[in-house]
Amino acid sequence: MKKILLFLLICNSSIIFAQEKNETSKNQIVEASCGQCQFGMKGHDCDLAVRIEGKSYFVKGTSIDSHGDAHAKDGFCTCIRKAEVVGEIKDNIFIVTYFKLMPIQLPKL
C-alpha cells in the first residue's frame, strides 16, 4: 500500500512540474527589434531581440534577416515591431519555437 501511495505521489508531482514548464512556452505578443540598434543591448552585429515585460533578450531559433530587410523603413534596425511568439527564456536568451511578425498598425485619422 505504501508503494502505491508513493507511486501516485511521484506521478502527481511530475504532472505539476510539466504544467509549469508549458506555461513558460505560451503564445504571447512581444516587442521585437534589433537588440543593438533599438534596445541598446551590447553586441557586435545587428541581432534580433525581443522585449518581454521590460527586459530585452537576444533570440535564438530565427534571425533578424529571416523577416525582411532589417535596414528598411519598417525593418528591425529602424523600428520596434510587435511579434507573436512562442518560446522560453534559457540562460538569458529567448529560445523561439514560433515567431510571427505582426502587421504595422497605422494611426487612425
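Residue-wise test of (1) in a helix (DSSP H, G or I); (2) modelled with pLDDT of 95 or more.
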{"site": "13", "(1), (2)": "yes, no"}
{"site": "23", "(1), (2)": "yes, no"}
{"site": "33", "(1), (2)": "no, yes"}
{"site": "36", "(1), (2)": "no, yes"}
{"site": "73", "(1), (2)": "no, no"}
{"site": "94", "(1), (2)": "no, yes"}
{"site": "106", "(1), (2)": "no, no"}
Legend entry - Residue pairs meeting the criteria (Cβ under 7 Å; at least 6 apart or on separate chains; first modelled with pLDDT of 95 or more, in region 40-60; second of a type in the set (Phe, Trp, Tyr) and in a loop (DSSP other than H, G, I, E, B)): 48/76; 49/39; 51/39; 56/39
Legend entry - Close pairs (9 angstrom Cβ cut-off, 6 or more residues apart or separate chains): within 23 Å of residue 97 (Cβ to Cβ) in region 66-82, at pLDDT 95 or above and charged (D, E, K, R) anywhere: 67/81; 80/31; 80/51; 81/31; 82/31
Inset, instruction - Identify all residues within region 62-109 that are over 18 Å from the mean Cα position of the chain (by Cα) and among the β-branched types (Val, Ile, Thr); write none if there are none. - result: 78, 104
Inset, instruction - Those residues that are in contact (Cβ under 8 Å) with a residue 24 or more places away in the chain and not acidic (Asp, Glu), I need them from region 83-95; list them, please. - result: 83, 85, 86, 87, 89, 92, 93, 94, 95
Inset, instruction - Just give me the residues in region 66-109 being basic (Lys, Arg) and in contact with a Ser or Thr (Cβ under 9 Å, 6 or more places away or on another chain), in sequence order. - result: 81
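The values are calculated or read from the model by the stated rules, or taken from the named source; none is laboratory data. Because the structure is predicted, anything quoted here is derived from the model rather than measured. Every residue, glycine as well, gets a Cβ built from its backbone with ideal geometry; the counts of neighbours run over all protein chains shown.
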